[in-house]
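J.: Structure in structure tokens, see below.
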Amino acid sequence: MFDVQKFYEDAEAGRRPDLNAFKEYVRGFENVIIWGAGNLGTALGKAFLGHGLNISVYWDMDYENIKLCNGIAVTEPFSGDHNKDNTLIVIGIVNGTLSHTWQKGVLESKGYYNYLFGMQTYEAIACKEEIGKPFDVRECVNTSICNFNTCKRYMNIVRNGREKTGLTVQVLEIILSSRCTLDCKYCGQQAGETKRRFPEKYRDYPAEDIKHSIDVVMDRLDAVGTFSIIGGEAFIHPKFAEILKHCLTKDNVAIISITTNGVCDMSEELLNEIKNDKIKINFSNYTDSLSDMQKKLFHENVERVKRAGIACNISTPIWVINTDELRDNPDFRDETLDNRKSACVFGPSIAGKYLYACPQTERQFRMEVHDVEDDIIDLNNEKGLTDRLRELLNKTHYTACQYLCSNMKTTRQIPPGEQWRDED
């Protein structure tokens, strides 16, 4: 019998699973449906067809516009008369931090219990990178199919052969500044709120502090999958290029990902200075909420980055808002918080001289919302730093786990990039 869990484990570990057993398993179903005709679903379909596996139909909410994917009909999700016991669903939708969790719940609620998670399936049958072979970072930097910030296969390949302290981080966030060129009403970093309530904290972190913090942390980590460079707006730091070049000196980090709103100065000279195969620029597209002048600058910057030959991605983020209010038990028993932290994709954050357990810890400390000091490390004090890092990274949950990200019952979707107005 085909062991689906072992198939996933091999994929995430960076190994190549038994493809013959996989193909025999898939061919045992009367119907094979790929749910999602976007980037991942399209890539999965090509991989299936390349392995001689038939696809019955695609499901996609945009079926009226897409019509065909890989030459196969695209229909409305859950349409058609399929024998559910003899139908295999391949989940080809990427949904950020929720991964395939919500699709799994929907499928089971409708009586479909035979399914494959698309990300792990793609890693297993199509990803070119694997343990024991030279790692080509360009494969991950240039992809529009999967997400290197959450890919376990990628992280296991990056850490392979580097074991020294046993400490690795998938994503290390490096905050260059709390300043921003926009004033988003629901900014996750609360840049505008920082400017209004704590103007002394609305600033760029000194480049020397940032570089020293990177040095002392990276000297104690075996590997980091991604440096996530953010702000505020990262590009407005006066020593942006200097900091980026310093990041590139670290051979135990694979990818340097820069998030930008695109409404800032990106000169061709600057872009040529930082151009590197390890760098990817991620444009957060808030243009529906911006002025015509801001939209023009955004699109000009996208074209400049493309002309410079730097890998880039343009996406419209899904923004949600919830509450900072701490709720009482039973929602916040240790077991609940432990589960929440283990499912969280966020890693630690460097801001100036300090390492914070996660982005929310940094934000809550800066905004003086909650007492999170037990989850912060002063990186100027290097005594016992490796042990303190280990203790922080191995905590089963953080104080911040009780706030903001947690009260999902009050979550609602909001327009990304909506700007503050004077009357607000």
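The values are calculated or read from the model by the stated rules, or taken from the named source; none is laboratory data. Note that the coordinates shown come from a computational prediction; the quantities given were computed from them, not determined experimentally. Every residue, glycine among them, receives a Cβ derived from its backbone with ideal geometry; neighbour counts consider all protein chains shown.
J.: List pairs: first residue in the range 233-260 and assigned by TED's automatic domain parsing to the domain that holds Ser284, second residue modelled with pLDDT under 95 and in a loop (DSSP other than H, G, I, E, B) anywhere in the structure, Cβ distance under 7 angstrom, at least six positions apart or on different chains.
T.: What qualifies is Asn252/Arg162; Ile255/Phe148.
J.: Out of the range 153-176, which residues are of a type in the set (A, V, I, L, M, F, W, C), within 30 Å of Glu233 (Cβ to Cβ) and modelled with pLDDT of 95 or more?
T.: Correct list: Val169, Val171, Leu172, Ile174, Ile175, Leu176.
J.: Do we find a residue being within 20 Å of Ala254 (Cα to Cα) and of a type in the set (Asp, Glu) anywhere in the range 285-293? Quick ask: steps written out before the conclusion?
T.: Step one: of the range 285-293, the residues within 20 Å of Ala254 (Cα to Cα) are none.
No: the range 285-293 contains no residue that is within 20 Å of Ala254 (Cα to Cα) and of a type in the set (Asp, Glu).
J.: Now for a separate question. Only residues that are of a type in the set (Ser, Thr, Tyr) and out of contact with any strand residue (DSSP E or B) (no Cβ under 8 Å at 6 or more places or on another chain): list them for the range 1-28, please.
T.: Correct list: Tyr25 only.
J.: Given the options Tyr154, Tyr186, name the one that is in contact with a Phe, Trp or Tyr (Cβ under 7 Å, 6 or more places away or on another chain) and assigned to a loop (DSSP other than H, G, I, E, B).
T.: Values: Tyr154 fails: assigned to a loop (DSSP other than H, G, I, E, B).
Only one candidate passes the filter, namely Tyr186.
J.: Within the range 285-306, how many residues turn out to be surrounded by 22 or more Cβ atoms within 10 Å (Cβ to Cβ) and either touching a Pro at 6+ places or on another chain (Cβ under 9 Å) or over 25 Å from Ser178 (Cβ atoms) (or both)?
T.: The qualifying residues number 1.
J.: Quick check: is even one residue across the range 173-195 closer than 17 Å to Glu12 by Cβ, under 22 Å from the mean Cα position of the chain (by Cα) and either in the same structural domain as Asn276 (by TED's automatic domain parsing) or not charged (D, E, K, R) (or both)?
T.: Just the residues of the range 173-195 that are closer than 17 Å to Glu12 by Cβ, to begin with: none.
Taking every residue of the range 173-195 in turn, none turns out to be closer than 17 Å to Glu12 by Cβ, under 22 Å from the mean Cα position of the chain (by Cα) and either in the same structural domain as Asn276 (by TED's automatic domain parsing) or not charged (D, E, K, R) (or both).
J.: So, in the range 244-270, how many residues would count as being in a helix (DSSP H, G or I) and buried (at least 21 other Cβ atoms within 10 Å of the Cβ)?
T.: 2
J.: Here's a follow-up. For Ile34, are the conditions met, namely being touching a Phe, Trp or Tyr at 6+ places or on another chain (Cβ under 6 Å), buried (at least 16 other Cβ atoms within 10 Å of the Cβ) and not polar (S, T, N, Q)?
T.: yes
J.: Quick one: in the range 308-331, which of the residues that are surrounded by 11 or more Cβ atoms within 10 Å (Cβ to Cβ) and of a type in the set (S, T, N, Q) is modelled with the highest pLDDT?
T.: By that ranking, first place goes to Asn313.
J.: So, one more: What do you reckon, is Asn86 among the polar types (S, T, N, Q) and at pLDDT 95 or above?
T.: yes
J.: Also: Filtering the range 149-167 down to residues that are of a type in the set (Val, Ile, Thr) and under 28 Å from Gly41 (Cβ atoms), which residue is surrounded by the most Cβ atoms within 10 Å (Cβ to Cβ)?
T.: Val158
J.: In the range 113-123, is there at least one residue being hydroxyl-bearing (Ser, Thr, Tyr), farther than 19 Å from Lys23 by Cβ, at pLDDT below 95 and surrounded by fewer than 14 Cβ atoms within 10 Å (Cβ to Cβ)?
T.: Checked the range 113-123: no residue is hydroxyl-bearing (Ser, Thr, Tyr), farther than 19 Å from Lys23 by Cβ, at pLDDT below 95 and surrounded by fewer than 14 Cβ atoms within 10 Å (Cβ to Cβ).
J.: Of all residues in the range 353-391, count the ones that are closer than 23 Å to Asn149 by Cβ and among the small types (Gly, Ala, Ser).
T.: So the answer is 1.
J.: Among the residues of the range 33-56, are any of a type in the set (Val, Ile, Thr) and without any contact (Cβ under 8 Å) to a residue 24 or more places away in the chain? Steps first, answer last, please.
T.: Keep residues of the range 33-56 that are of a type in the set (Val, Ile, Thr), which gives 33-34, 42, 55.
Okay, now just the ones that are also without any contact (Cβ under 8 Å) to a residue 24 or more places away in the chain, so 55.
There is at least one residue in the range 33-56 that is of a type in the set (Val, Ile, Thr) and without any contact (Cβ under 8 Å) to a residue 24 or more places away in the chain.
J.: Could I ask something else about it? Kindly establish whether Cys146 is among the hydrophobic types (A, V, I, L, M, F, W, C), in the same structural domain as Ser291 (by TED's automatic domain parsing), assigned to a loop (DSSP other than H, G, I, E, B) and surrounded by 19 or more Cβ atoms within 10 Å (Cβ to Cβ).
T.: Answer is no for this residue.
J.: On to the next question. In the range 397-414, what count of residues is obtained for those that are modelled with pLDDT of 80 or more and of a type outside the set (Ser, Thr, Tyr)?
T.: Number of matching residues: 4.
One line per residue, one yes/no per condition, for (1) surrounded by 18 or more Cβ atoms within 10 Å (Cβ to Cβ); (2) in contact (Cβ under 8 Å) with a residue 60 or more places away in the chain; (3) in contact with a Lys or Arg (Cβ under 8 Å, 6 or more places away or on another chain):
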{"position": "Val169", "(1), (2), (3)": "yes, yes, no"}
{"position": "Leu172", "(1), (2), (3)": "yes, yes, no"}
{"position": "Thr181", "(1), (2), (3)": "yes, yes, no"}
{"position": "Tyr186", "(1), (2), (3)": "no, yes, no"}
{"position": "Asp215", "(1), (2), (3)": "no, no, no"}
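J.: In the range 363-379, which residues are within 18 Å of Ile210 (Cβ to Cβ), touching a residue at least 40 places away in the same chain (Cβ under 8 Å) and either among the acidic types (Asp, Glu) or surrounded by fewer than 11 Cβ atoms within 10 Å (Cβ to Cβ) (or both)?
T.: Across the range 363-379, there are no qualifying residues.
J.: Would you pick out the residues in the range 332-386 that are modelled with pLDDT under 90, of a type outside the set (Asp, Glu) and over 21 Å from Cys187 (Cα atoms)?
T.: Within the range 332-386, Phe332, Arg333, Thr336, Leu337, Asn339, Arg340, Lys341, Ser342, Ala343 qualify.
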